[in-house]
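Please read the structure below before turning to the comments.
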Amino acid sequence: MPVDEALVIGLIGLVAGTLGGLAGIGGSILILPALHVVYGPLLFGEPDGRPQIHHMFMAAAMTTNVIVSLPASIQHYRAGAVRTGLLPILLPSNAVAILAGVWLSNLMHGDILKLVLAFFLAGYCVWNLMLIARPRRRSFEGTGRVERAGPSRLLTCGGVTGLVGGLLGLGGGFLLVPMLQLVCNVKLKNAIATSSAVLCVTATIGAAMKMVTLPQHGETIRSAVLLATVMAPTAVIGAVAGAKLLHRIPVPTVRVLITVLIIATIKRLAG
């Protein structure tokens with residue numbers, strides 16, 4: 001990989017890692033559209049004869065998610081923000097669902113997956129914009145909020161987010177955070193931290209399955225590993241920094257940053 005290309009890929013890892021640490025969403029919500037921009041006609045040119053390259057990008061992004069979530073989870077755990085009591089139900093339900101999502105993604109053409117991803121990211125941006133515009137009604141610490149994290153609610157959160165995350169290669173954190181808030185009434189701070197902890201395990205499982213199934217799409221494991229390896233060091237730096245900044249930067253500011261970056265890259269997915 002040329003130096004200039006490696007530097008750009010490393011920058012993607014840094015930004016994605018920082019956002020993953022800040023919001024507990026996993027880095028691939030930015031990595032996937034960003035890779036399509038980088039390997040588009042304006043930069044390094046998407047390789048000819050690789051119509052299924054999106055599957056390779058998914059494998060690389062999901063692998064990087066593991067790198068992003070691990071240091072972020074450690075920081076959240078040290079801060080006492082991870083709701084460990086929720087993990088016995090969230091982890092297995094999310095793991096099984098993410099395997100099902102990856103299996104479904106392997107039945108679809110890469111171009112179709114790109115369009116589906118663009119649709120979901122557009123919806124995510126609309127949701128974020130609504131939250132930004134809405135008057136802030138609860139503090140980041142969630143003072144006065146009472147959890148309703150029963151088994152059925154946790155199974156719903158883990159299953160839905162795992163299925164969507166595996167299908168789109170996003171890990172599921174971008175959905176798990178708001179679902180833990182809305183369905184289980186978990187405080188935002190704890191939802192972000194717990195989501196990051198779940199991704200440590202489930203992203204590993206999903207990434208492994210996506211990697212080993214790449215040959216059926218005409219893509220190589222080596223290509224995905226190379227991309228993930230270049231992104232990994234900067235993603236770790238960003239994840240650690242993001243997890244620390246989580247407790248210092250206002251949540252609306254985080255939402256604005258994520259939304260702006262996604263909107264800037266989403267056109268390439270739909271193009």
Could you figure out which of (1) outside any helix (DSSP H, G or I); (2) among the aliphatic types (A, V, I, L, M); (3) surrounded by fewer than 21 Cβ atoms within 10 Å (Cβ to Cβ) isn't true of V186? (3)
Hey, can you tell me all the residues within region 71-118 that are among the hydroxyl-bearing types (S, T, Y), crowded, with 20+ Cβ neighbours inside 10 Å and out of contact with any Lys or Arg (no Cβ under 8 Å at 6 or more places or on another chain)? S73, S93
Per the filter on region 169-183, residues modelled with pLDDT of 85 or more, part of a loop (DSSP other than H, G, I, E, B) and either among the basic types (K, R) or open to solvent by less than 20 Å² (accessible area, probe 1.4 Å) (or both) are G169
Looking at (1) touching a residue at least 40 places away in the same chain (Cβ under 8 Å); (2) assigned to a helix (DSSP H, G or I); (3) among the polar types (S, T, N, Q), which is the one condition that is false for T156? (1)
Got a sec? Which of G21, G45, G13 is modelled with pLDDT under 80, surrounded by 24 or more Cβ atoms within 10 Å (Cβ to Cβ) and over 15 Å from K114 (Cβ atoms)? G21
Of the residues in region 196-235, those that are over 19 Å from L170 (Cβ atoms) and not hydrophobic (A, V, I, L, M, F, W, C) number 9
Residue satisfying all of: in region 189-238; open to solvent by less than 20 Å² (accessible area, probe 1.4 Å) and charged (D, E, K, R); nearest to A61 (Cα to Cα) among these: K210
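The values are calculated or read from the model by the stated rules, or taken from the named source; none is laboratory data. None of the values given here were measured: they were computed from a predicted structure. No Cβ is skipped: glycine too gets one built from the backbone with ideal geometry, and neighbour counts run over all protein chains shown. What goes into the accessible areas is simple: the full protein's heavy atoms, side chains included, and nothing from ligands, DNA or RNA. Shrake-Rupley method; radii C 1.70, N 1.55, O 1.52, S 1.80 Å.
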